[in-house]
Amino acid sequence: MFDLDSRDIKFLPGVGPQRASVLQQELDVRTFLDLLYCFPYKYVDRSRIYLIREMDGSMPFIQLKGRIVRFEKVGEGRGQRLVAHFTDGTGFVDLVWFNGIKYALEKYKLQQEYMVFGKPALFNRRFNIAHPDIDAIQDLRLSSMGLRPYYNTTDRMKRMQLNSAAMEKLMASLVKLLKEPVPETLTPDILEENRLMSLTEALTYIHFPANAETLRRAQYRLKFEELFYVQLNILRYATDRQHKYRGYVFSRVGDIFNGFYSHHLPFQLTGAQKRVLKEIRKDLGSGRQMNRLLQGDVGSGKTLVALMTMLMALDNGFQACMMAPTEILANQHYDTVSHMLQGMGLRVELLTGSIKGKRREAILQGLRTGEVHILIGTHAVIEDPVTFSSLGLVIIDEQHRFGVAQRARLWGKSERPPHVLVMTATPIPRTLAMTLYGDLDVSVIDELPPGRKPIVTIHQFDSHRVSMYRSIGKQIAEGRQVYFVYPLIKESEKIDLKNLEEGYLNICQAFPDCTVCKVHGKMKPAEKDAQMQLFASGQAQIMVATTVIEVGVNVPNASVMVIENAERFGLSQLHQLRGRVGRGADQSFCILVTGYKLGEDTRKRIEIMVRTNDGFEIAEADLKLRGPGDLEGTQQSGMPFDLKIADLVRDSQLLQHVRQIAQRIVAADPTGSLPENRLLWERLKKLRKEKEDWGAIS
Ligand code: ADP
Ligand code: MG
């Protein structure tokens, strides 16, 4: 067998060092095999040759076989074009070039037989084909009689004459090498059971399919393999973890938990909160390390579950820490938690980037000695060298990007890995959950605390500001508070800041009796906190902010969320923002303000928001509208490699299918030692090595 993977691409005839470096820079292609894995993005049917006589005005593409009988230059200067009179004996068409005239004249010869392919148009009652694809009959490619592949190319590639047709030629010479099979990447069992093509066949037919059915089977085989290794990777990893690490056993529910439950709990737990706490308790007592994802829509009360889980750790003599993605959120968790635990004699500390000097030292000291029971902080907590005396539990809040690799880094902190609870309000569609968090057990809070009224969402045009302000004024008069949110301020986006500042002035004018506070990403943390505090305490009635408040902020008295330039936000972001209201017993409103002219996608997004409060429905719709590549986190986490052909949305059924197969294999071979699976484990090891993050873990 022969190894295309070890052959430098510059040695492929027609490539050479210059093109090789372009291929490497533009497509990350280094070897023969890399190039073979650059799949076509579309195919056009070339199976039929038409007669000129048969042409009519309705054909999108046509293929003809015949000869050029005359060249003619028409027009002057920049308007000049080249016309070749082409015939197959049944009629004439004009082949036309508006540029590259000299090149065409040199390349194409009179009276030689050519296969011509292109898009016909009718002009002066004569058919013409502009910039046709032309092949001499003697060097017809494999594809000329079937589906013709089209390849993505960049401008730089085109400048090196590496257009789609050139790529096709390179592929053709590569595919010829496949007469010798490439090493198979799936076991005979899997191939047979799923009636898959061999890898060699698939790599041939993906480029040069004889017909649509062959193409479908080649695609299926390659998608299968991709998704299978994604799943095998994550399941293998979860099993390894269970074998390698034992978890701390939290065997008892003690005084702290019980004391809190009977004397400090401000309300009844919802049924869903109780159920989830039970699931967590079971994990913590099992002797295995807990790795659990807690999903619950915004406002479903995850913080309380987190808090009570931390108390279980404390009851068993361990410390707990809770990490949030932003300082604002960490602050808020700190406030909530220390408030709820008041009078229980526990030491809760906050550690963020802005806590420095002596205070920081004192906290770090307390963590080392074990005097600090609960640490709440931003991710600075894990990036800095923080040493705990006995860290038993880590809670990660609202961190969609916290994939397998990052979680693993956490354990470096202690000899035995602490239990891990990841919490998210951004509902993760099933397919994504299987890849991103495929190694985690999942708990769901599917019930909101009682007495919540569903938020009413309204779409409003910019121009109707006056009446909008009037209704908002009424809410404020009743004692409610209001958010106005503007698109995010980034370094380069001066416009956003201008929008926010203008909006701020505007709002101050419209509500002269109100205190208006302001938060954006370019403020100093202390300044931000002071403004947040004004709002949280009720001293300010209106908060004007950018999306820094997107996740987690909790001010139950706020009942109106106005989202300015709503067209500039994605669906899950809109949903998160909306979740900032509707946290108390009052009827809450979300107002989406947009311009009058809306694009198709924006209209859909707004419609969905107005129609439903269901986070899962919104997440699915989001995935469909944007595609998974766009969603945060898919790139870094869970994937041992980037998907080249499979699509998490369109191929979700296949994903579930291969997950089952991978599950079966890992269950039957938990230590990865069965000889019949050797091929799989070796392949996986290789894939992980190629991807840095995974290399670090495995
Ligand atoms: P999220 O799940 O979005 O993090 P929070 O934990 O911030 O939600 O909770 C939202 C609000 O609901 C908070 O004000 C919290 O005090 C309140 N809450 C949580 N659990 C209950 C409950 N069982 N009954 C009543 N209110 C609750
Ligand atoms: Mg929260």
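Miscellaneous remarks
- Residue match in the range 243-265 (condition: under 27 Å from PRO675 (Cα atoms), surrounded by fewer than 17 Cβ atoms within 10 Å (Cβ to Cβ) and not basic (Lys, Arg)): yes
- Residues being of a type outside the set (D, E, K, R), modelled with pLDDT under 85 and assigned to a loop (DSSP other than H, G, I, E, B) - total across the range 388-416: 6
- Scanning the range 570-582 for residues being away from ligand 1 (no atom under 12 Å from the Cβ) and assigned to a loop (DSSP other than H, G, I, E, B) gives a total of 1.
- LEU648 passes every criterion in (1) surrounded by fewer than 19 Cβ atoms within 10 Å (Cβ to Cβ); (2) modelled with pLDDT under 80 apart from (1).
- Residue match in the range 209-219 (condition: surrounded by 14 or more Cβ atoms within 10 Å (Cβ to Cβ), basic (Lys, Arg) and in contact with a Lys or Arg (Cβ under 7 Å, 6 or more places away or on another chain)): no
- Qualifying residue in the range 163-171 (condition: within 30 Å of the chain's Cα centre (by Cα), farther than 17 Å from ALA218 by Cα and in a helix (DSSP H, G or I)): yes
- Residue ID - farthest from LEU265 (Cα to Cα), chosen from residues in the range 327-373 that are in contact with a Phe, Trp or Tyr (Cβ under 9 Å, 6 or more places away or on another chain) and within 16 Å of ligand 1 (Cβ to nearest atom): LEU341
- Residue check, TYR469 surrounded by fewer than 18 Cβ atoms within 10 Å (Cβ to Cβ) and either within 16 Å of ligand 1 (Cβ to nearest atom) or at pLDDT 70 or above (or both): yes
- Residues that are surrounded by 13 or more Cβ atoms within 10 Å (Cβ to Cβ) and either part of a loop (DSSP other than H, G, I, E, B) or of a type in the set (A, V, I, L, M) (or both), drawn from the range 454-463: ILE455, VAL456, ILE458
- Search result, residues across the range 280-301 that are modelled with pLDDT under 95, touching a strand residue (DSSP E or B) at 6+ places or on another chain (Cβ under 9 Å) and within 16 Å of ligand 1 (Cβ to nearest atom): ARG292, LEU293, LEU294, GLN295, GLY296, ASP297, SER300, GLY301
- One residue from VAL548, VAL553, VAL562 being under 29 Å from ALA536 (Cβ atoms), within 16 Å of ligand 2 (Cβ to nearest atom) and crowded, with 23+ Cβ neighbours inside 10 Å: VAL553
- Count of residues meeting criterion [out of contact with any Pro (no Cβ under 6 Å at 6 or more places or on another chain) and in a loop (DSSP other than H, G, I, E, B)] in the range 243-273: 14
- Boolean, THR326 is within 16 Å of ligand 2 (Cβ to nearest atom), on the phi < 0 side of the Ramachandran plot, surrounded by 20 or more Cβ atoms within 10 Å (Cβ to Cβ) and under 33 Å from the mean Cα position of the chain (by Cα): yes
- Checking the stated criteria, GLY570 turns out not to satisfy the condition of being surrounded by fewer than 22 Cβ atoms within 10 Å (Cβ to Cβ), within 18 Å of HIS464 (Cα to Cα) and in contact with a helix residue (DSSP H, G or I) (Cβ under 7 Å, 6 or more places away or on another chain).
- Count - residues of the range 338-378 that are surrounded by fewer than 21 Cβ atoms within 10 Å (Cβ to Cβ), β-branched (Val, Ile, Thr) and over 19 Å from SER390 (Cα atoms): 1
- Taken together, the residues in the range 44-91 that are assigned to a loop (DSSP other than H, G, I, E, B), touching a helix residue (DSSP H, G or I) at 6+ places or on another chain (Cβ under 7 Å) and under 30 Å from TYR151 (Cβ atoms) amount to 3.
- Any hit, the range 351-374, residues being touching a His at 6+ places or on another chain (Cβ under 8 Å) and at pLDDT 90 or above: no
- Residue match in the range 178-190 (condition: over 22 Å from ASN677 (Cβ atoms), part of a helix (DSSP H, G or I) and in contact (Cβ under 8 Å) with a residue 24 or more places away in the chain): no
- Residue count for the range 329-351, restricted to those that are within 12 Å of ligand 2 (Cβ to nearest atom) and either without any contact (Cβ under 8 Å) to a residue 24 or more places away in the chain or among the small types (Gly, Ala, Ser) (or both): 1
- With respect to (1) crowded, with 19+ Cβ neighbours inside 10 Å; (2) in contact (Cβ under 8 Å) with a residue 60 or more places away in the chain, the lone exception for TYR205 is condition (2).
- Residue in the range 423-432 that is nearest to VAL394 (Cα to Cα), counting only those that are at pLDDT below 90 and within 16 Å of ligand 2 (Cβ to nearest atom): THR424
- Flag if CYS590 is within 16 Å of ligand 1 (Cβ to nearest atom), in contact with a helix residue (DSSP H, G or I) (Cβ under 6 Å, 6 or more places away or on another chain) and touching a residue at least 24 places away in the same chain (Cβ under 8 Å): yes
- Of the strands (runs of 3 or more DSSP E) lying entirely inside the range 496-569, the ones with 3 or more residues being modelled with pLDDT of 90 or more and closer than 19 Å to GLY584 by Cα are found at 558-563.
- If you go through the range 592-606 and keep only what is in a helix (DSSP H, G or I) and under 16 Å from GLN576 (Cα atoms), you end up with ARG605, ILE606.
The values are calculated or read from the model by the stated rules, or taken from the named source; none is laboratory data. Because the structure is predicted, anything quoted here is derived from the model rather than measured. All Cβ positions, even for glycine, are placed from backbone atoms using ideal geometry, and neighbour counts span all protein chains on display.
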